[in-house]
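Chemist: Quick one: structure below, then a few questions.
The numbers here are math on the coordinates, done by the rules we state, and not lab data. Owing to the predicted nature of the structure, the values given are computational and were not obtained by experimental measurement. Cβ placement follows ideal geometry from the backbone for every residue including glycine, while neighbour counts extend to all protein chains displayed.
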Amino acid sequence: MQTNLISEKLQRLAIPGRVAIAAGTGGLPLVKITTPWSTAEIYLLGAHVAGFQKNGEPPLLFMSAKSYFAAGKPIRGGVPICFPWFGGRDGEPAHGFARSTEWQLVKTSATPDGTVMVQFALPPIPGREAWKNLRTEFVVTVADTLTMELVATNDGCDGTLEIENCLHTYFHVADIGAISLTGLCDAPFNNFAAGDTGTRKVENGAILRIGKETNRVYADNPATVEIRDEELQRTIRVEKVNSQSTVVWNPWTTQKLPDDFDPAEHKNMVCVESGNVKQNKISLAPGKTAALKVILSSGPLK
């Protein structure tokens, strides 16, 4: 009975020709978006953007063929929301609880030109009393670009909340050996690959190529990053607002991961993640808001 009520509520937010609500993989509720320029798919589980594709282009986002699509488990690929912490925490799920929680779809709209906006809210979670004053929304705007905004507000009257936020974006590439990343030249980073615990290094050279396990956190770095894909002849631009951290990650075949990722899949993905993590974590005072925005675009390689 409750499932039917929820389904009816979701269906009221559909917009003919623009926003459809359907059962996705594993029967999970899925928001399917169509615009004149693109399509997108967003699961309520994790408010997880699982797909964005411009007309006439390959998918922008990578999804693991072995991803779980099950309640309470994070989805592998697309854009996981790492929140309200990043990385591991003793006795807690890695990268926080937001990505394994079913969010509420609260609003949909479409402009006359066909741009679609959908808004999600993170519901109160039993057993998470320490975070009861943290109000969190996720707004996705789909057009010829994909814009994502994670907005967190401390609604408490006293007590600062320490949070980390990160949009852990997996990008689809034709061949990891035929891409390069620009925008990180001479940028210091902490290295966490292959058992390293955060050695401070500096990226020299105008471009970064990936030929082995890579796990870098670039702190104090608000720069735009571009992924240049030689085989797809495409450039992906990752522009961000209110983000001081960039994470570049590819597990190669050496990093041990859960069985929702086939090591061979490393050839077709690279993560360029935007947020505020580790030394860039946010102290959110009562009444204050932190809004992380990422704008993804693509075009021909020049």
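Chemist: Which ones in region 192-217 are under 24 Å from the mean Cα position of the chain (by Cα), hydrophobic (A, V, I, L, M, F, W, C) and part of a strand (DSSP E or B)?
Modeler: Once the filter is applied, which keeps residues that are under 24 Å from the mean Cα position of the chain (by Cα), hydrophobic (A, V, I, L, M, F, W, C) and part of a strand (DSSP E or B), region 192-217 yields ILE207, LEU208, VAL217.
Chemist: Can I ask one more? Condition check: crowded, with 22+ Cβ neighbours inside 10 Å, among the small types (Gly, Ala, Ser) and in contact (Cβ under 8 Å) with a residue 60 or more places away in the chain. Does GLY77 satisfy that?
Modeler: When the stated conditions are applied, GLY77 passes them.
Chemist: Looking at region 270-282, is at least one residue within 25 Å of THR199 (Cβ to Cβ) and touching a helix residue (DSSP H, G or I) at 6+ places or on another chain (Cβ under 8 Å)?
Modeler: There is at least one residue in region 270-282 that is within 25 Å of THR199 (Cβ to Cβ) and touching a helix residue (DSSP H, G or I) at 6+ places or on another chain (Cβ under 8 Å).
Chemist: Being closer than 16 Å to LEU146 by Cβ and either surrounded by fewer than 22 Cβ atoms within 10 Å (Cβ to Cβ) or out of contact with any Lys or Arg (no Cβ under 9 Å at 6 or more places or on another chain) (or both) is the filter here; which residues of region 23-34 pass it? Please lay out each step first, then the result.
Modeler: First, the residues of region 23-34 that are closer than 16 Å to LEU146 by Cβ: 31-34.
Passing the criteria: VAL31, LYS32, THR34.
Chemist: Oh, and also: Just the residues that are under 11 Å from the mean Cα position of the chain (by Cα), over 16 Å from PRO29 (Cβ atoms) and not in a strand (DSSP E or B), please, taken from region 73-89.
Modeler: Residues satisfying the conditions are ARG76, PRO80, PHE83.
Chemist: How many residues does region 222-256 contain that are part of a loop (DSSP other than H, G, I, E, B) and more than 18 Å from the chain's Cα centre (by Cα)?
Modeler: 9
Chemist: Within region 219-269, can you find the residues that are in contact with a His (Cβ under 8 Å, 6 or more places away or on another chain), of a type in the set (S, T, N, Q) and surrounded by 18 or more Cβ atoms within 10 Å (Cβ to Cβ)?
Modeler: Within region 219-269, just ASN250 meets the criteria.
Chemist: Turning to a different aspect of this structure: Quick check on ALA98: is it without any contact (Cβ under 8 Å) to a residue 40 or more places away in the chain and touching a Pro at 6+ places or on another chain (Cβ under 9 Å)? I'd like the intermediate steps shown before the answer.
Modeler: Working: without any contact (Cβ under 8 Å) to a residue 40 or more places away in the chain: no; touching a Pro at 6+ places or on another chain (Cβ under 9 Å): yes.
For ALA98, the condition - without any contact (Cβ under 8 Å) to a residue 40 or more places away in the chain and touching a Pro at 6+ places or on another chain (Cβ under 9 Å) - is not met.
Chemist: Going by what's in this entry, would GLY127 be described as loosely packed, with under 15 Cβ neighbours inside 10 Å, touching a residue at least 60 places away in the same chain (Cβ under 8 Å), small (Gly, Ala, Ser) and not in a strand (DSSP E or B)?
Modeler: no
Chemist: Evaluate the following for ASP144: is it charged (D, E, K, R) and either assigned to a strand (DSSP E or B) or more than 23 Å from the chain's Cα centre (by Cα) (or both)?
Modeler: So ASP144 fails the test.
Chemist: Kindly indicate which of SER297, SER283 is over 19 Å from GLY96 (Cα atoms), in a strand (DSSP E or B) and not basic (Lys, Arg).
Modeler: SER297
Chemist: Of everything in region 158-191, what is in a loop (DSSP other than H, G, I, E, B) and not hydroxyl-bearing (Ser, Thr, Tyr)? Give them in sequence order.
Modeler: Filtering region 158-191 down to residues in a loop (DSSP other than H, G, I, E, B) leaves 158-160, 164, 168-169, 173-175, 183-187.
If the condition is that a residue be in a loop (DSSP other than H, G, I, E, B) and not hydroxyl-bearing (Ser, Thr, Tyr), then ASP158, GLY159, GLU164, HIS168, VAL173, ALA174, ASP175, GLY183, LEU184, CYS185, ASP186, ALA187 are the ones that fit.
Chemist: Oh, and also: Only one of these conditions is not met by SER109: (1) among the small types (Gly, Ala, Ser); (2) assigned to a strand (DSSP E or B); (3) crowded, with 24+ Cβ neighbours inside 10 Å. Which number is it?
Modeler: So SER109 meets the others, but not (3).
Chemist: Something else: Can you tell me which of GLY205, GLY195 is free of Cβ contacts under 8 Å to residues at least 12 places away in the same chain, of a type in the set (Gly, Ala, Ser) and surrounded by fewer than 20 Cβ atoms within 10 Å (Cβ to Cβ)?
Modeler: GLY195
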